[in-house]
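One structure is given here, and the rest of the page talks about it.
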Amino acid sequence: KELLRSIFEELSKGANRALVGPAQIGKSSLLSMVQRLGPAQLGLAAADFVYLNLQVLADAGDFFDALCQELGLAPCRGYRLERQLRGRRVILCIDEVEKLKSDRFPIDVREQLRGLADGADAPFTLLIASRSPLEHIFPDAPGLTSPLHNICPQLDVPPFSEAECRELIRQRLSGHTVAFSEAEIGELIARSGRLPAALERAAAVLFDSCLARGLGS
């Protein structure tokens, strides 16, 4: 909740941010929550929140096709895209941004993203999710272009607190007669490293084990 509060506070100022944390820590879930809660939080239309998962995009052409389709525009890029976006404010959530390091995504993709998100009147506000800091992923050659990380300050995504882990387990068990012991909950938290996805998987295995032993429904 505190991290979401910080994200919305920054987005309300038009500030770009990069969510950085290891796999399974919940970055994709945060992007999804921003897309779902953002219209009410920021007073924008649902159509002004765009989510792109780069894992399913093949190359730069696919990227711009997907971006324009989500924006309700005919496929375009460069000046034509900038012209059609004038006067709009779009929160662009990009997941798995490491994919842009592939040879199929030349540096001009990042150049255009930066151009569309840099400045007070820029149409895009970027919320990018990655496993590593952007300056490590894209050590762009000096003199070619201003790097993307310069306009996307990092927000670290921490593991769940123990209290958040317990709340997740409590919510998932709600409505069932299965109950985990304190020792089992402690083991789940320790084994998962307090990573949400790992905690859910470990808890699901324990839940199925309880059902198999006839300990609940």
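The values are calculated or read from the model by the stated rules, or taken from the named source; none is laboratory data. It should be emphasised that the depicted structure is a prediction, and the values quoted were computed from it without experimental measurement. No Cβ is skipped: glycine too gets one built from the backbone with ideal geometry, and neighbour counts run over all protein chains shown. Accessible surface is based on the protein model in full, side chains and every heavy atom, while ligands, DNA and RNA are left aside. Shrake-Rupley method; radii C 1.70, N 1.55, O 1.52, S 1.80 Å.
When segment 68-80 is filtered for residues that are part of a loop (DSSP other than H, G, I, E, B) and either surrounded by fewer than 13 Cβ atoms within 10 Å (Cβ to Cβ) or of a type in the set (A, V, I, L, M) (or both), the ones remaining, listed by number, are 72, 73, 74. Against the conditions (1) within 29 Å of residue 2 (Cα to Cα); (2) in contact with an Asp or Glu (Cβ under 9 Å, 6 or more places away or on another chain); (3) in contact (Cβ under 8 Å) with a residue 24 or more places away in the chain, residue 165 satisfies every one except (2).
Would you check if residue 65 is more than 25 Å from residue 15 (Cβ to Cβ), open to solvent by 60 Å² or more (accessible area, probe 1.4 Å) and in contact with a Pro (Cβ under 6 Å, 6 or more places away or on another chain)? When the stated conditions are applied, residue 65 passes them.
Checked against (1) of a type in the set (Gly, Ala, Ser); (2) part of a helix (DSSP H, G or I); (3) within 27 Å of residue 33 (Cα to Cα), residue 61 passes all but a single condition, namely (3). Scanning segment 101-129 for residues being part of a strand (DSSP E or B) and farther than 17 Å from residue 80 by Cβ gives a total of 5. On inspection, residue 167 qualifies as modelled with pLDDT of 90 or more, closer than 28 Å to residue 41 by Cβ and either part of a loop (DSSP other than H, G, I, E, B) or open to solvent by 10 Å² or more (accessible area, probe 1.4 Å) (or both). For segment 1-46, the tally of residues that are open to solvent by 30 Å² or more (accessible area, probe 1.4 Å), in contact (Cβ under 8 Å) with a residue 40 or more places away in the chain and not in a helix (DSSP H, G or I) stands at 6. Checked against (1) at pLDDT 95 or above; (2) closer than 19 Å to residue 128 by Cβ, residue 23 meets all criteria but (1).
Each row is one residue, and each column tells you yes or no for (1) under 19 Å from residue 123 (Cβ atoms); (2) surrounded by fewer than 15 Cβ atoms within 10 Å (Cβ to Cβ).
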{"residue": "48", "(1), (2)": "yes, no"}
{"residue": "54", "(1), (2)": "no, no"}
{"residue": "82", "(1), (2)": "yes, no"}
{"residue": "86", "(1), (2)": "yes, yes"}
{"residue": "94", "(1), (2)": "yes, no"}
{"residue": "98", "(1), (2)": "no, no"}
{"residue": "111", "(1), (2)": "yes, no"}
